[in-house]
Every structure is written in structure tokens, then in C-alpha cells.
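Encoded as C-alpha cells, the structure appears first; notes follow it.
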Amino acid sequence: MPELLPVLTESDIRTKVSSLAQRISADYQNKELVLMGVLKGAFVFMADLIRQLTIPVFIDFIWMSSYGCGDTSSGTVTRVSDFTTDISGKDVLIVEDILDTGLTVKELICCLAGNSPASIGVCAFIDKYGRRENDCRADYACHRVKEGFLVGYGMDFAEKYRHLPGLYELNTTISEEAK
Ligand code: PRP
């Protein structure tokens, strides 16, 4: 069995991101929208998403980390660096590469809420719903899966594979053996 199993091609991703961008553009027409990308993983999705939007947006990033170098969440979310945009009275859409246990988004919503935004939404490239530990949900998602360790399109395993233009499921058994 290969280490990487294809899940979405570059072309599949382009189609899905484009359709999501159309929905977001319609839903946030005439609003002051801040797209809050969550580093590091969301940088590729964010770059593609904004170029398909037809409305003006503010862009910012916050750097959160929970996985370290392993393939399971450490359970502790660390804010590595903060955003700088004044989000008070604006609509904020969190842009994640993946919504998994929900711990990162839950922590982020708490932190954003303290800055009095008009609303907080969640847009995840992947909504991986099988291990959710709280009531966090994706208002927008390109692809939903129950389980599997996904890499590529910004997502990593021990910092590998972020550069891949497609999405793959990592066979973690093979990956561990190769270490
Ligand atoms: C990943 C991903 C999300 C988070 C989702 O980040 O980018 O931010 O985990 O997992 P959760 O829903 O279980 O909290 P990671 O900590 O791996 O950092 P990275 O983005 O730098 O890869």
C-alpha cells in the first residue's frame, strides 16, 4: 500500500474552492468581512479562496498550534502569534485547513469574541467530523470526511507534504516504519 492515497486532485480542489467562494461572496455581500486564516496549515487554502471571491475583504492571520510533530492533537492549543486587524463590528470568518477535534477553533472563537466582532463564522477546507470534542461546526466546508490523516494542500505530517497541490490520506503505519 502506498504511503499517500489520493483523496482530491488539484482540479477537484479548484472546483470546490470556487463554489465555496461563490457562496461566501453572496452571503457576505455589503458586509465588512475579515478572513482570519489559521497558520500554518490554512495559508494555501486562504490564498486560493480570496482569489475566487467577488467581494472586498480584510485579510489577517493568527498562528495556532496543537499537533506538534505527531499525528494526533496534543490536546493543548497554543497561540503562537496574534492577529492585528481591528475586528470590532466586523464579520469574521475563520479560515482553517481542517476542523478536526474542534479544540483550535473553540479556542480561537473565545479569543476573537473578546474583540466584539459582529459575527464569527467558520470556513474549513476539510470538515473532519469523526473526532469532534465540542459543538464547533463548519459553516462552510469544501470536503467532509469522518476519519483519516490528511496531508497536502497546506496540511502536514511532521512538516512534510504541505507543498503538494492535491489532498492525500497518509498511511501512518508506513510513515512510522520509515522513520
Ligand atoms: C492543525 C490545523 C488546524 C488544527 C485542527 O493545526 O491546521 O488548525 O490542527 O485540529 P483541531 O480541530 O483538532 O484543533 P496544527 O496544530 O497541526 O498546526 P499547523 O496548522 O501549523 O500544521
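Could you tell me which of the residues Ile59, Ile98 is in a strand (DSSP E or B), open to solvent by 50 Å² or more (accessible area, probe 1.4 Å) and aliphatic (A, V, I, L, M)?
Values: Ile98 fails: open to solvent by 50 Å² or more (accessible area, probe 1.4 Å).
Exactly one residue qualifies, and that residue is Ile59.
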For segment 11-36, pairs from a residue that is more than 18 Å from Pro117 (Cβ to Cβ) to a residue that is at pLDDT 95 or above and of a type in the set (Asp, Glu), with Cβ under 9 Å and 6 or more apart or across chains, are Ile13/Asp48; Arg14/Asp48; Val17/Asp48; Ser18/Asp48; Ala21/Asp48
> In this structure, does Ser11 turn out to be farther than 16 Å from Val151 by Cα, open to solvent by less than 50 Å² (accessible area, probe 1.4 Å), out of contact with any strand residue (DSSP E or B) (no Cβ under 9 Å at 6 or more places or on another chain) and not in a loop (DSSP other than H, G, I, E, B)?
Replying inline: no
Inside segment 117-144, the number of residues satisfying the requirement of being without any contact (Cβ under 8 Å) to a residue 24 or more places away in the chain and assigned to a strand (DSSP E or B) is 1
Of Val145, Val92, the only residue that is among the hydrophobic types (A, V, I, L, M, F, W, C), open to solvent by less than 20 Å² (accessible area, probe 1.4 Å) and at pLDDT 95 or above is Val92
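Can you tell me which residues in segment 26-36 are under 23 Å from Ile109 (Cβ atoms) and part of a helix (DSSP H, G or I)? I'd like the intermediate steps shown before the answer.
Initial filter on segment 26-36 (under 23 Å from Ile109 (Cβ atoms)): 27-28, 31-36.
Selection gives Asp27 alone.
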For Gly75, state whether it is modelled with pLDDT under 95 and either within 13 Å of the ligand (Cβ to nearest atom) or part of a loop (DSSP other than H, G, I, E, B) (or both). yes
Residues in segment 109-137 that are within 24 Å of Glu32 (Cβ to Cβ), near the ligand (Cβ under 10 Å from one of its atoms) and in contact with a strand residue (DSSP E or B) (Cβ under 6 Å, 6 or more places away or on another chain) total 2
Restricted to segment 19-56 and to residues being farther than 26 Å from Phe149 by Cβ and small (Gly, Ala, Ser), the residue surrounded by the most Cβ atoms within 10 Å (Cβ to Cβ) is Ala21
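The values are calculated or read from the model by the stated rules, or taken from the named source; none is laboratory data. Just so you know, these numbers come straight off a predicted model, no measurement behind them. With ideal geometry, Cβ positions are generated from the backbone for all residues, glycine too; neighbour counts draw on all protein chains shown. Heavy atoms of the whole protein, side chains included, go into the accessibility calculation; ligands, DNA and RNA do not. Shrake-Rupley method; radii C 1.70, N 1.55, O 1.52, S 1.80 Å.
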